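Reviewing the structure listed below.
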Amino acid sequence: MALAHVASSTSRSNLLRPISAIISPNLRRQLSTDDTRTLTIETSVPFTSHQCESPSRSVDTTPSELLSFFRDMATMRRMEIAADSLYKAKLIRGFCHLYDGQEAVAVGMESAITKKDSIITAYRDHCTFLGRGGTLLQVFSELMGRIDGCSKGKGGSMHFYKKDSGFYGGHGIVGAQVPLGCGLAFAQKYKKDGTVTFALYGDGAANQGQLFEALNISALWDLPAILVCENNHYGMGTAEWRAAKSPAYYKRGDYVPGLKVDGMDALAVKQACKFAKEHALKNGPIILEMDTYRYHGHSMSDPGSTYRTRDEISGVRQERDPIERVRKLILSHDLATEKELKDTEKEVRKLVDDAIAQAKESPMPEPHELFSNVYAKGYGVEAFGADRKEVRAVLP
Amino acid sequence: MATIVGAATALSASKSFDSRKLHLPSRGSLSVSERKGSFLVVRSDGSVVHKAHRAQKLITNAVATKADSSAASTASKPGHELLLFEALREGLEEEMDRDPTVCVMGEDVGHYGGSYKVTKGLATKYGDLRVLDTPIAENSFTGMGIGAAMTGLRPIVEGMNMGFLLLAFNQISNNCGMLHYTSGGQFKIPIVIRGPGGVGRQLGAEHSQRLESYFQSIPGIQMVACSTPYNAKGLMKAAIRSENPVILFEHVLLYNLKERIPDEEYVCSLEEAEMVRPGEHVTILTYSRMRYHVMQAAKTLVNKGYDPEVIDIRSLKPFDLHTIGNSVKKTHRVLIVEECMRTGGIGASLTAAITENFNDYLDAPIICLSSQDVPTPYAGTLEEWTVVQPAQIVTAVEQLCQ
């Protein structure tokens, strides 16, 4: 497959097609599903580090991993676009912060860690939730406020949680999740279970005082906390250079080491997260800055074009789109054909549409659910229904 | 149906206070001090009547309430005497022994021993990972406590003064109170946030704040205020064992109160009020330090021929409307004495709750005595006038009972 290494991407697939037509389909299938084969791929941009060693640019991966990257990112992208249409159809109300463009961060991070590690993020959490094992039905039901949602319809877009796979949300107040994340890391250190916490925040939240307070405590107590700044360069409508005197967020930890990563490259994210996990378990907190971009505005009520040009958005989409990058990698290493990838995308689209249809069937919460889960069962007052009949709890 | 506190489940050593056991002569520790026996206010009518009888007997003793009971209590009573902060520490230590997931975090709680000595000696016993000295960063260490609680640890966050917890208000309101609800019940936050508040001896405005009112609207949290060594230890233990976030309000001036508490393990109920002094004429609802001002006023009132019923509400959120309701149905007059601010204070909420639920039983409008709506001044005389004094309580009762 020498022709596979020819440079240009578009001509690559053209050249491959005649050859793959010659090779019998069975043989080609065997090659592309050779899951145990390790591929070593170089990241396009080197890592920049602060107070620590950079990890190597060569990332080990397998064909199945790359294909799963493609599939997961395509699912996330499709889900966010569908959420956009649902919002415009007024089925999703309130706030809806979309993650399209940033999928590589969620997918790359998942591939480097286990479900025992914890992730906590802010309100742009739909894709992170999906990466942690959430289903499309749970996402759409929660967005539409139905009981099949992950938070039973009571949380909404900004409050997705999945306790059994270590996803701690889903928080609306900017920056407040970082001390929570350091608390998760504290609990992990307390219980000595050898896992880490990834506390994600944005470039806007990077200027919050509580972040530095939490970082100080984490560094003092050597907590396995990894603070990940998803730098999409705009804090709602304010560009990073207008909000931060020093937009080099990976350096702002001062005594805490930092790493700047190309957040549109899922493999670079994977490498950085693997490196960070090893580092955090040995040496305490580390900051990762993911250089990423969001195509939508800050939320659905923000057009996203008043503070940046459409050329910029389309430029990033053409040059750095994470899904296209993985597609090129798959095609260049001949792990699947163009048609197969298109089929995957069609399949994903169907899955999303089915999930939306199912979510629309899901009922709204019952009125008595208004009062459930205010307190943990067995304590405090549990009110049933609007007539406020109160049941006194008994201490065990 | 009797309220069973510390019922016969897991903990063998915990007491179960059944109404019948009140009358057993062997329960010597209960029969003398009306304070201890009284938190067992039970719902069956029989025992309430019994209480009234006891109250009649005690009226002659009520003139010298504390001194008398302490004199009698040092006689041949079981239990040990200690100060309130020691009681808190005992409760904390017992819970830390019992459950390895309990940890304490706060400023100077570790090596220094706590600014009010509540955590003295615990750091040497349990180590730095369980008794954590934090930097002065309330917002983040409260957030860290909540994050740790989400995974199942049971942290106790100490604010050196309740006023400093204003810096952590976002974490307490948004994360602590709401996470159980917005996650659809997935996460429990078994955190205890405690610290001293209230007006001290000329500590200045910022260190004399009463923040119960600020926290009371937060859905999802429970608030309790302790006032005696007995209920301090009991409430501390109950708060730690509770699956809900609990804010435990202590008072700066009450840390050196001395009382005899039982040797056996006991837990107080977080949602129950304490009957301090049963009576017939007027219900006085109070909590924390004002309980002592009320008891002082009660002495004067008894001499003047009134029979006040004094209830220490203890549970600030939710209110123990059952005990309060029973009392209102009996006396038909309510006086609320509190140290909280007049505007939007606990008393204001309590007035609204009683009016809403028991309006038919009231013979007179509820009088609520609270602190003045001013920042606490430094000057001693002015500070005295900021809080409610016993003389004002006596006047209010006389006014109510006309």
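The values are calculated or read from the model by the stated rules, or taken from the named source; none is laboratory data. Given the structure is predicted, the values throughout are model-derived calculations rather than measurements. All Cβ positions, even for glycine, are placed from backbone atoms using ideal geometry, and neighbour counts span all protein chains on display.
Of everything listed in (1) free of Cβ contacts under 8 Å to residues at least 40 places away in the same chain; (2) of a type in the set (G, A, S); (3) in a helix (DSSP H, G or I); (4) more than 10 Å from chain A (Cβ to nearest Cβ), the single unmet condition for B:G143 is (4). Of the set (1) more than 24 Å from A:L335 (Cβ to Cβ); (2) at pLDDT 95 or above, all apply to A:R77 but (1). Just one of the listed residues (B:I193, B:I218, B:I189) is in contact (Cβ under 8 Å) with a residue 24 or more places away in the chain, under 29 Å from B:V388 (Cα atoms), hydrophobic (A, V, I, L, M, F, W, C) and surrounded by 22 or more Cβ atoms within 10 Å (Cβ to Cβ), namely B:I193.
Inside the range B:345-402, residues that are in a loop (DSSP other than H, G, I, E, B), within 24 Å of the chain's Cα centre (by Cα) and among the polar types (S, T, N, Q) make up a count of 3. Among residues of the range A:284-312 that are at positive phi, those with a beta-carbon under 9 Å from a residue that is among the polar types (S, T, N, Q) at least six positions away or on a different chain give the pairs A:G284/A:S218. If I filter the range B:123-130 for residues that are within 23 Å of the chain's Cα centre (by Cα), surrounded by fewer than 18 Cβ atoms within 10 Å (Cβ to Cβ) and among the basic types (K, R), do I get at least one hit? Checked against the condition, which is being within 23 Å of the chain's Cα centre (by Cα), surrounded by fewer than 18 Cβ atoms within 10 Å (Cβ to Cβ) and among the basic types (K, R), the range B:123-130 yields no hits at all. Tell me, please, whether a residue that is surrounded by fewer than 23 Cβ atoms within 10 Å (Cβ to Cβ), within 19 Å of A:T135 (Cβ to Cβ) and of a type in the set (G, A, S) can be found in the range A:78-100. Yes, some residue in the range A:78-100 is surrounded by fewer than 23 Cβ atoms within 10 Å (Cβ to Cβ), within 19 Å of A:T135 (Cβ to Cβ) and of a type in the set (G, A, S). Among the residues of the range B:253-269, the one identified as over 12 Å from B:K233 (Cα atoms), assigned to a loop (DSSP other than H, G, I, E, B) and of a type in the set (A, V, I, L, M) is B:L257.
Filtering the range B:83-119 to residues that are closer than 18 Å to B:H251 by Cα and of a type in the set (D, E, K, R) leaves B:E86, B:R89, B:E90, B:E107, B:K117. Take the residues of the range A:359-374 that are more than 13 Å from chain B (Cβ to nearest Cβ) and surrounded by 16 or more Cβ atoms within 10 Å (Cβ to Cβ): which is farthest from the chain's Cα centre (by Cα)? The selected residue is A:S362.
Counting only helices (runs of 4 or more DSSP H) that sit wholly inside the range A:234-329, those with at least 3 residues that are surrounded by 22 or more Cβ atoms within 10 Å (Cβ to Cβ) are A:266-283. Taking B:I284, is it touching a residue at least 40 places away in the same chain (Cβ under 8 Å), buried (at least 24 other Cβ atoms within 10 Å of the Cβ) and at negative phi? For B:I284, the condition - touching a residue at least 40 places away in the same chain (Cβ under 8 Å), buried (at least 24 other Cβ atoms within 10 Å of the Cβ) and at negative phi - is met.
Taking helices (runs of 4 or more DSSP H) as the structural unit, those lying wholly within the range A:75-178 and holding at least 3 residues that are in contact (Cβ under 8 Å) with a residue 24 or more places away in the chain, more than 10 Å from chain B (Cβ to nearest Cβ) and under 19 Å from A:P365 (Cβ atoms) correspond to A:136-143. In the condition set (1) within 9 Å of chain B (Cβ to nearest Cβ); (2) in a loop (DSSP other than H, G, I, E, B); (3) of a type in the set (A, V, I, L, M), A:I217 is compliant with all but (2). Number of residues in the range A:33-64 that are touching a Phe, Trp or Tyr at 6+ places or on another chain (Cβ under 9 Å) and either part of a strand (DSSP E or B) or aromatic (F, W, Y) (or both): the value is 5. In the set (1) basic (K, R); (2) at pLDDT 90 or above; (3) under 17 Å from the mean Cα position of the chain (by Cα), the condition left unmet by B:K317 is number (2). Restricting attention to the range A:179-194, the residues that are part of a helix (DSSP H, G or I), of a type in the set (G, A, S) and surrounded by fewer than 24 Cβ atoms within 10 Å (Cβ to Cβ) add up to 0. Restricting attention to the range A:190-208, does a residue exist that is in contact (Cβ under 8 Å) with a residue 24 or more places away in the chain, at the interface with chain B (Cβ under 8 Å from one of its Cβ atoms) and within 20 Å of A:C273 (Cα to Cα)? Within the range A:190-208, not a single residue is in contact (Cβ under 8 Å) with a residue 24 or more places away in the chain, at the interface with chain B (Cβ under 8 Å from one of its Cβ atoms) and within 20 Å of A:C273 (Cα to Cα). Kindly evaluate B:E280 against the criterion of being among the acidic types (D, E) and farther than 24 Å from B:K237 by Cβ. It is true that B:E280 is among the acidic types (D, E) and farther than 24 Å from B:K237 by Cβ.
Test B:E250 against the criterion of being part of a strand (DSSP E or B), touching a Leu at 6+ places or on another chain (Cβ under 8 Å) and away from every other protein chain (no Cβ under 12 Å), and give yes or no. Criteria met by B:E250.
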